[in-house]
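Structure, as structure tokens:
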Amino acid sequence: MSKKMMLLALAVVSAALLALPAFASALELHYDTVTSFTGTGGSGNLVASEEPTITCEKTDVIEGVISAGGTTGSMTLDFTGCHTSVFGLTAKCHTSGSALDNTIQTKGTFHLITIEPNVPGVLVTTTPVEIICATISSTYVEGNIIGTVTSPKCGETSNKMTLSFSATGSTQNHIKYTGLPYDLLARTGGPSGTARTAGLNTSATEPPVLTANTAGTLTCT
């Protein structure tokens, strides 16, 4: 290879390497100065292909923690007043081990992301749970789900963050991040059951609102 060609190749490689951090940072959000939060929301429903819809009347975020840097964290959620229709009858639904017969308890980790340019979002990875309805219907739920941060907007400062999760049928409206699919799955009868795509819809009039320990700026870089 000639010296001129070698210099050109090095210039191209250097430009590519310099571009990588900018590309990666453009996909991350930072909720600066916030370390913990709680939250509450109205009704929501879980829709799985070929499965009864599970509806819950209220959502509570019992404990939320954001790690240093304000990008990732964990949270514990309670969905209360949960029920479905089985053979035309309303049946209460709960997670295995729940103290109440109409409460779905779950937890998971999350990552604040950019869904589209200047559109903040959250990617939640759930801990697998078994949902039992009227002791006769068992659904194993696991996987990932992407929602939209509707407020604050990029660059705004607030101690409250409003989330929205929506699905068309049983498919979440936002399902890809960095070109990879992140899907929520429901399996009838337990972990070995057939996996079916599931979607979560939250209330448009009472969406989940997280209240942080301090005001933070949502930085979309």
Within the stretch 41-68, considering residues that are polar (S, T, N, Q) and either under 20 Å from residue 113 (Cα atoms) or touching a Lys or Arg at 6+ places or on another chain (Cβ under 9 Å) (or both), the one modelled with the lowest pLDDT: 49
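Condition check ((1) without any contact (Cβ under 8 Å) to a residue 24 or more places away in the chain; (2) under 17 Å from residue 79 (Cβ atoms); (3) of a type in the set (Gly, Ala, Ser)) across all residues:
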site	(1), (2), (3)
127	yes, yes, no
134	no, yes, yes
147	no, yes, yes
156	no, no, no
164	no, yes, yes
175	no, no, no
221	no, no, no
Taking the stretch 98-122, which residues are closer than 17 Å to residue 58 by Cα and among the hydroxyl-bearing types (Ser, Thr, Tyr)? 98, 103, 106
Inside the stretch 90-134, can you point out the residues that are over 18 Å from residue 187 (Cα atoms), crowded, with 17+ Cβ neighbours inside 10 Å and among the hydroxyl-bearing types (Ser, Thr, Tyr)? 98, 103, 114
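One line per residue, one yes/no per condition, for (1) part of a strand (DSSP E or B); (2) crowded, with 17+ Cβ neighbours inside 10 Å; (3) of a type outside the set (S, T, N, Q):
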position	(1), (2), (3)
149	yes, yes, yes
186	yes, yes, yes
198	yes, yes, yes
207	no, yes, yes
217	yes, no, no
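Yes/no matrix, rows are residues, columns are (1) over 12 Å from the mean Cα position of the chain (by Cα); (2) assigned to a loop (DSSP other than H, G, I, E, B); (3) modelled with pLDDT of 95 or more:
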site	(1), (2), (3)
70	yes, yes, no
74	no, no, yes
79	yes, no, yes
90	yes, no, no
104	yes, no, yes
112	no, no, yes
121	no, no, yes
126	no, no, no
132	yes, no, no
Only residues that are touching an Asp or Glu at 6+ places or on another chain (Cβ under 9 Å) and either among the hydrophobic types (A, V, I, L, M, F, W, C) or farther than 20 Å from residue 182 by Cβ (or both): list them for the stretch 136-155, please. 137, 138, 141, 145
Residue 178, sole failed condition from (1) at pLDDT below 95; (2) crowded, with 19+ Cβ neighbours inside 10 Å; (3) polar (S, T, N, Q): (2)
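The values are calculated or read from the model by the stated rules, or taken from the named source; none is laboratory data. Remember, predicted model here, so these are calculated numbers, not experimental data. Cβ coordinates were reconstructed from backbone atoms using ideal geometry, including for glycine residues, and neighbour counts include every protein chain displayed.
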